[in-house]
1. Quick check for you: which residues of the range 347-365 have the amide N under 17 Å from the point 7 Å beyond the Cα of VAL239 toward its beta carbon?
2. Determine the alpha carbon to alpha carbon distance for each of LYS48/LYS223; LYS491/LYS607; LYS259/LYS601; LYS468/LYS491; LYS406/LYS468 and list only those over 21 Å.
3. Rounded to the nearest angstrom and ordered from largest down, what semi-axes does the equivalent ellipsoid of the range 131-250 get from its C-alpha gyration tensor (root of 5λ)?
4. In the chain, what is the volume of the convex hull around the alpha carbon atoms, normalised per residue and reported in Å³?
5. Beta carbons within 10 angstrom, averaged per residue: use that to sort the peptides 292-298, 17-23, highest first.
6. Grab every C-alpha pair in the range 313-392, bin the distances at 5 angstrom width from 0 up to the longest one, and report whole percents.
7. Note down the relative contact order for the chain as a percent, whole number, built from C-alpha pairs under 8 angstrom at least six residues apart.
8. Would you mind counting up the charge near PHE283? Only other residues with Cβ under 13 Å from its Cβ, with Lys and Arg at +1 and Asp and Glu at -1.
Amino acid sequence: MCGIVGAYLSGEPCLAALVEGLRTLEYRGYDSVGVGVVLDGRLVVRRKAGRIEELERELSDGALAAATIGIGHSRWATHGAVTDANAHPHLDWKGRVALVHNGILENYLELRAELERRGIPLRSQTDTECLAHWIGIELEGTDGDLAEAVRRALRRVHGYYAIAALAGGARPQLVVSREGPPLCVGHSAAGAWLASDPLALVPHTREVVFLEDGDVAELAPGKLVVTRRDGTPLARRPVHVDWKAEAADRGGFEHFMLKEIHEQPDVVARALFGRVEADDVRFEGELFGDAALRGVERVVISACGTALHAGLVARYLIEGLARVPVDVDFASEFRYRQPVLSPGTLALGISQSGETADTLAALRLARSLGCRQAALCNAVGSTMVRESEAAILLQAGPEIGVASTKAFLAMLVASVLFAVRLGRARGTLALAEARTLLGELGRMRMNLERLLAREVVEGIRALAERHKDQRGFLFLGRGINYPIALEGALKLKEISYLHAEGYPAGEMKHGPIAMIDRQMTTFVIAARDSVASKVRSNIEQIRARGGPVVCVGDDEESLAVADERIVVPGLSPWLSPIANVVPLQLFAYHVALARGCDIDKPRNLAKSVTVE
Ligand code: G6P
């Protein structure tokens with residue numbers, strides 16, 4: 001949801017760092033891109049509607065090549081259409097301040113009206129431009145001190161933002177602030193850098209300062225001065241970030257999504273590393289110890305998108321293995337529906353980015369109502385990890401493809417581990433069963449490697465080719481594999497724009513069956529579990545009505561009655577979602593590829609949704 005970057009280098013040109021940073025953050029939004037730099041004391045802005053390649057063409061004249069300080073932005077439109085004029089950076093009306101912004105200024109109409117009354121000409125439909133002018137106005141009363149001007153302007157603003165403001169002149173200044181969306185900074189004698197995501201900082205520094213809400217920071221090579229909005233000085237310590245910079249390239253795969261699908265065997269191994277004992281699981285933190293877990297009376301899970309589907313799988317695991325009641329809710333619903341929570345409730349947030357606005361708000365609400373809270377999260381220094389009492393880090397590495405794959409898989413693995421820990425702490429999970437499950441989880445890497453073997457992938461590619469022109473798709477699953485049906489449908493919708501619906505298999509006859517015909521392909525997920533025979537009957541019912549059926553799973557009888565099949569290695573039903581989702585990810589990928597869709601940058605979506 002918009003990416004911002006900035007670089008202030010001591011002597012070196014900064015343009016390459018800005019463009020490289022924008023490329024890394026492009027997953028956050030890709031409607032328009034722009035940079036603003038200081039050249040001979042003056043601010044110069046280049047911005048374009050379109051992808052980063054458009055901007056590179058704009059910059060190819062070399063006119064900005066000498067600049068050593070600049071900011072950049074990759075946009076996911078919220079206010080104003082996708083046009084050059086609405087692209088960031090925005091300048092104040094006298095060209096003294098350039099501003100990039102991720103978020104929404106809720107009182108921007110009020111700010112806009114006031115600017116119009118003052119006769120300040122507005123050149124775009126964005127909320128951001130209003131803030132650029134306000135900073136310009138405040139600059140007049142602060143003797144050119146940009147940090148103070150930003151602090152004063154922000155006191156007038158309501159909303160969510162991560163911003164970077166740049167002022168020219170003989171002594172250029174770079175100032176950042178956040179309230180809501182993420183922002184991190186790093187510095188050394190060679191320079192200072194800022195970005196929405198640490199991934200864009202690791203090529204320059206691994207010592208990253210994650211700014212907190214309300215922080216205003218001035219950056220220069222070797223200098224970081226952080227204050228609150230009221231000017232009170234603050235100390236912020238850097239965190240060492242381990243992610244490899246090369247994790248952000250495609251490593252020989254045609255798309256990030258495909259690379260990330262193929263990383264999944266390693267992702268399982270990383271999620272297990274250092275946590276699994278013979279018959280129990282170990283997590284850092286008092287909240288995951290026996291005493292605290294025995295006090296948990298109920299778990300409420302909040303998440304969005306793919307992470308919500310992981311939460312639905314977690315419900316089956318936690319209820320089944322630990323016998324604790326679980327509610328799962330869309331975070332955007334939970335936060336507004338006056339949930340009834342008691343102090344014995346553990347609020348669990350699940351998120352790849354740890355920055356999804358609704359999920360953060362849901363956890364904050366739970367905290368305000370006296371619940372303990374934990375996060376299952378991939379992004380190490382994210383707001384969710386910092387705000388939660390305890391976190392299980394997914395350790396999937398940076399996920400760049402907008403359609404989540406490996407982070408989902410890591411969420412499933414972490415959910416199994418959490419359910420086992422809870423079950424062991426509460427004595428509901430027998431030692432032998434824990435040992436069997438953990439042993440099988442240890443072999444999961446090998447099973448996923450078999451699923452990702454060339455001939456299996458080639459079979460799925462051919463299947464996608466045969467079905468790519470269907471009118472629609474239905475995905476059916478039951479029990480713990482019902483959420484996998486939802487996820488299979490979501491993946492296909494997100495990247496191929498085909499209509500797909502996920503449904504509990506037992507509900508099929510209450511509606512979706514009316515849609516069955518030859519143009520509607522049904523995927524049935526069939527695990528060898530207690531409902532296998534019922535799922536098998538669903539396959540027969542669809543086939544009797546002329547609908548093509550693809551069966552995915554390890555239930556041999558179901559596989560035998562379907563028209564086409566993808567055989568998944570036999571597993572404990574508790575673990576079957578981890579393997580069953582992989583062929584569905586590959587199917588979505590190959591349908592999108594065959595239809596010529598932009599797989600890593602699907603239209604209208606953003607990877608990290610930091611606004612409501
Ligand atoms: C967006 C992304 C989805 C993701 C969801 C939740 O909608 O496009 O892929 O599942 O946000 O994101 P989170 O970072 O909280 O897991």
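The values are calculated or read from the model by the stated rules, or taken from the named source; none is laboratory data. What you are looking at is a predicted structure, and each value in this text was computed from that prediction instead of being measured. All Cβ positions, glycine included, derive from the backbone under ideal geometry; neighbour counts span all protein chains shown. Note: accessible area is taken over every heavy atom of the protein model, side chains too, but ligands, DNA and RNA are not part of it. Shrake-Rupley method; radii C 1.70, N 1.55, O 1.52, S 1.80 Å.
1. Backbone N within reach: 349-357, 360-361, 364.
2. On the way: LYS48/LYS223 32 Å; LYS491/LYS607 13 Å; LYS259/LYS601 15 Å; LYS468/LYS491 14 Å; LYS406/LYS468 24 Å.
Violating the 21 Å Cα-Cα cut-off are LYS48/LYS223; LYS406/LYS468.
3. Working: eigenvalues 133, 46, 33 Å².
They are 26, 15, 13 Å, listed from largest to smallest.
4. Hull volume over Cα atoms, normalised by residue count, gives 151 Å³.
5. On the way: 292-298: 15.1, 17-23: 23.3.
Per-residue Cβ counts within 10 Å, averaged per peptide and sorted highest first, yield 17-23, 292-298.
6. 3, 16, 26, 26, 20, 8, 1
7. Working: 1424 pairs, mean separation 70.3, N = 612.
The normalised contact order for the chain reaches 11 percent.
8. On the way: positive: ARG275, ARG282, ARG421, ARG424; negative: GLU277, ASP280, GLU284, GLU286, ASP290, GLU389.
Spelling it out: positives minus negatives among the neighbours equals -2.
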